[in-house]
Amino acid sequence: MKLLMRVISLTHAVMAVLFVGGGLLLILMAIHMAWTAVATGIGEAASQKIIEAIGLLAAAVVALQIAQTVAEEEVVRAAHVSGPTRVRRFLSRFLVVLVVALAIEGLVATFRGVHENLAQLPYAASIVAAAALLLAGWGLFIKLNVPAEKLEPEAMEEAKREDRKLA
């Protein structure tokens, strides 16, 4: 069983490295896109490309945050997401980045739709609505999770001790 747990931990480490690699590639693509946009001259086309570069940076933030979460929770801490406190902490770390990235992507899609094709605005609105729905669902989850967390105060204390170790 210990061997299996080490293999799983190693797999999580590899996944974290791949997420970091993907995030770095997205950052490089965003830099290239912004540089190319500015090099062709300042104007509406350049602003569209810069807005798209911001969307790529938002995706890069998501990839890097997922890498950090996986590395900290599954590799460094070797924590098993089973109790209410762990589940809330893990989901919260992921969802905060996801909601922000979706909101930014919705903004990018809105700008693109307004300037290129008004028929795309319903799709942009659906991205923003999805971000809002995720945020509301996350808030409801946290509210409903509080009583469960109160049943195991030692788990919260353990999580706080682990946070101090990582700092």
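Observations on the structure shown:
- As a proxy for reagent exposure, ranking 2, 49 by other Cβ atoms within 10 Å from fewest up yields 2, 49.
- Each residue of region 120-126 was assigned a 3J(HN,Hα) from its phi angle through the Karplus curve 6.51 cos²θ - 1.76 cosθ + 1.60 (θ = phi - 60°); the sequence is 7, 4, x, 5, 4, 4, 5 Hz, with glycine and proline shown as x.
- Each of 24, 3, 95 was scored by other Cβ atoms within 10 Å of its Cβ. Listed from fewest to most, they are 3, 24, 95.
- Spin-label model, residue 47/residue 146: points 7 Å from Cα along the beta carbon direction are separated by 4.3 nm.
- Inter-label distance, nm, simple model (7 Å from Cα along the C-beta direction), residue 40/residue 117: 1.7 nm
A short reminder: the numbers here are calculations on the coordinates, not readings from a lab. These numbers were taken from a predicted model, which means no experiment stands behind them. Cβ atoms come from the backbone with ideal geometry, glycine included; neighbour counts cover every protein chain shown.
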